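Here is the structure we will look at.
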Amino acid sequence: MSASGFVALVVVVLVVIAFIKTVTIVPQQSAYVIEMFGKYNRTIEAGFNILIPFVEVIRYRHSLKEDALDIPEQVCITRDNVQVAVDGILYMKVMNPERASYGIQDYQYAVMQLAQTTLRSEIGKIELDRTFEERAHINTQVVTELDKASEAWGVKVLRYELKNITPPQDILAAMEKQMRAEREKRATVLTSEGHRDAAVNNAEGEKQQVIKASEARRQQQINEAEGQASAILAVAKATAEGLRQVSDAIAAPGGFEAVQLRVAEQYIKEFGNIAKVGNTMIVPANLSDAASMVATAMQVVNRRPVALK
C-alpha cells in the first residue's frame, strides 16, 4: 500500500470515529448526562443528538421510567418489644438526571437504606396488634420521610408497600389462641343475646295474648249486656205495644162485651183446672153466680181503658 493510500485509510477511520462520537441517539424515556472536560455541560433527552467529538462525553445514562426496588426483609421491634420480620417494595422515578448523577453516589442504595431505617422507626411506634391494621399509615409515613431526603438526589419516591409482616412462631400461636378465644366469646355472647331476645319475645307475646284475651272478654261482656238490654227494651216495647192494642180494642165498639166474655171463659177454665189438680179445694160462696164473678173482675177492666186513654 502506498503512503497516500495509508493516509487516506487513516483519514477515513478518523472520520468514522468522529461521526460515532458526534452522533448520539437517546432512547425514549431516557436521559444522558454530558460532560465537557470533566465538568457537567448539559442533559440530552430522547431523540437524535450531536456531540462535539473528543470534547463532550456521555458520563451518566439514566432511565426515566418508574422503577421498583425490592426492600430486603429486616427485623423490627414493635412498641411492645416484639420482633417482627418486615419486607416491602418501593416505587421511585428519576426526576432530575443532573442531581441523580452528582447529588449522591448511588441513589438506589441510598433510598433502600433510608427506607429500611424509616420502616424500623415507624414499626417501633406502634404495638404488634396494630401493625396489621396500620399498614396504610406506615406506607404513607415511609414515603413522606423518603421524599424529604430524595428531593436533593433528583429522584421521587412514588409509593411504598409492605409485603409481609411475620411475627415469631410463639407470638403467632398466642395470637391464634387469642383470636380463637375471642371468637368463642363472641359466639357465647351472641347465644346469650339470642336466648334473651327469645325470652323477651315470648314474654311480650304472652303479655299481648293476655291483653287481647281480656279485651275480648270485656267486649263479650259489653256485647252480652247490650244484647240483654236490647232484649229487655224490645220486650218492654212489645208489652207496651200489646197493652196499647188491648186498650184500643177494649175502647172500640163491642170491645168491652168481648172482654167480659173472655173473662168468663177464663174463669170457668181455671176453676175447672183447680178441680183436676187436687181432691180438696175451697169453694167461694157465690160459686153458682158466674155473672157476679165476671162483674167483680170487670170492675178492674172498667177503670183501665180510662187510664190508658
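Read-outs throughout are calculated quantities, based only on the coordinates presented, and are distinct from any laboratory measurement. If you're wondering where the values come from, they're calculated on a predicted model, not measured in any experiment. Cβ sites come from the backbone with ideal geometry, for glycine too, and all protein chains shown count toward neighbours.
Among L114, L64, L190, what is the fewest-to-most ranking by other Cβ atoms within 10 Å?
Least crowded to most crowded, the residues run L190, L64, L114.
How about region 117-169: which GluC sites (Glu not before Pro) there are in a DSSP loop, with at most 16 other Cβ atoms within 10 Å of their Cβ?
E127, E133
Find, among the chymotrypsin sites (Phe, Trp or Tyr not before Pro) in region 127-193, those assigned to loop by DSSP (not H, G, I, E, B) with at most 13 other beta-carbon atoms within 10 angstrom.
F132
How large is the convex hull of the C-alpha atoms of region 129-181 per residue, in Å³?
Cα convex hull per residue, to the nearest whole number: 84 Å³.
Fewest first, what order do S247, S214 take by the number of other Cβ atoms within 10 Å?
S214, S247
Over the Cα atoms of region 189-261, how large are the radius of gyration and the largest Cα-Cα distance (Dmax), in Å?
Cα only, region 189-261: 30.0, 96 Å (Rg, Dmax).
What distance in nm separates the simple spin-label points at T22 and M95, each placed 7 Å from Cα in the Cβ direction?
3.9
Dipole of region 47-175, Cα-centred, from +1 at each Lys and Arg C-beta and -1 at each Asp and Glu C-beta, to the nearest 20 debye?
Dipole size: approximately 420 debye.
For region 122-212, report the translational diffusion coefficient in µm²/s to the nearest whole number, using Stokes-Einstein at 25 °C, 0.890 mPa s, and a Kirkwood Rh over Cα pairs.
After rounding, the answer is 135 µm²/s.
A 18 angstrom limit on the alpha carbon distance is what I want to check against. Which of K65/K93; K125/K156; K39/K93 exceed it?
Where the Cα-Cα span goes over 18 Å, the pairs concerned are K125/K156; K39/K93.
Principal axes first, then extents: for the Cα atoms of region 2-126, list largest minus smallest coordinate on each axis, whole Å, largest first.
86, 26, 25 Å, listed from the longest principal axis down.
When you have a sec, figure out the Kirkwood radius of region 10-62 from all distinct Cα pair distances and drop it here in Å to one decimal?
Evaluated on region 10-62, it is 11.5 Å.
In nm, what is the difference between 0.36 nm times the number of residues separating A149 and Q266 and their Cα-Cα distance?
28.7 nm
With r as the distance between the Cβ atoms of Q108 and L14 and R0 = 30 Å, compute the FRET efficiency 1/(1 + (r/R0)^6) and round to 0.05.
With R0 = 30 Å, the Cβ-Cβ based efficiency is 0.15.
Given a Förster distance of 45 Å, report the FRET efficiency between R135 and E206 from their Cβ-Cβ distance, rounded to the nearest 0.05.
Approximately 0.30, to the nearest 0.05.
Quote to one decimal, in nm, the extra length available between E161 and A181 on full extension: 0.36 nm per residue of separation minus the C-alpha distance between them.
4.1 nm
How big, on average over all directions, is the shadow cast by the Cα convex hull of region 67-167, in nm²?
Seen from a random direction, the Cα hull of region 67-167 projects 5.6 nm² on average.
So what J values fall out for region 60-77 if you push phi through Karplus, 6.51 cos²θ - 1.76 cosθ + 1.60 with θ = phi - 60°, rounded to Hz, Gly and Pro as x?
In residue order, the calculated couplings are 9, 10, 10, 9, 8, 6, 5, 10, 10, 10, 7, 7, x, 5, 9, 8, 10, 10 Hz.
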